[in-house]
Amino acid sequence: MEEIYSKVVAIIIGCIALFIVPVKILSWRQDNMQQTYILTETICFVDSVCNKGILYSDLYIDYLNKIQKSDKIYKVKLEHIKNSENSIEKSNNSSEKLDSGVGDIDNQLTDIDYTEQILEELKTDGSHKFLENDIFRIEVVDNNDNVVVFYGGCIKDEDY
């Protein structure tokens, strides 16, 4: 009688090993491929913005459409970190020279535009402009607030 129970347990374990484990592995691989796709699209998007120096609304909408093709919904967080040298030059109207040293840190506060400010500008103007050496970062988060992709770059403004 004990042999029958051990055979039933062995069959159940065999079924688990033959059917459930491969399904879990395929699910994990699908998630990994999806994350790789989102990373690739994010890199192309950020590099395009960094090279041009301008974020256009149609470029952003195209990017959102590409990453939302899956059954998961992602939140996109944008950051535009303005170069402190550019901010200081604007405030001084370029009449005073900047010190090449570190200087007073309190005078070099970083100005940051976040997602809401950038999206508002995209709605009104159709574009968000960056200055050379500003930093553009993007963070893609899933429904559980897990970071899927975090990528950014320095604005080169090479669009002639």
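The values are calculated or read from the model by the stated rules, or taken from the named source; none is laboratory data. Predicted model, so just to flag it, every value in this text is computed and none were measured. Cβ atoms come from the backbone with ideal geometry, glycine included; neighbour counts cover every protein chain shown. Each accessible area value is taken on the protein alone, full model and side chains, heavy atoms only, with ligands, DNA and RNA left out. Shrake-Rupley method; radii C 1.70, N 1.55, O 1.52, S 1.80 Å.
Among the residues of the range 60-86, the ones that are farther than 14 Å from Q34 by Cα, open to solvent by less than 40 Å² (accessible area, probe 1.4 Å) and part of a helix (DSSP H, G or I) come to 4 in all. Considering every residue within the range 21-40, establish whether at least one is part of a helix (DSSP H, G or I), open to solvent by 80 Å² or more (accessible area, probe 1.4 Å), more than 20 Å from K129 (Cβ to Cβ) and of a type in the set (K, R). Checked against the condition, which is being part of a helix (DSSP H, G or I), open to solvent by 80 Å² or more (accessible area, probe 1.4 Å), more than 20 Å from K129 (Cβ to Cβ) and of a type in the set (K, R), the range 21-40 yields at least one hit.
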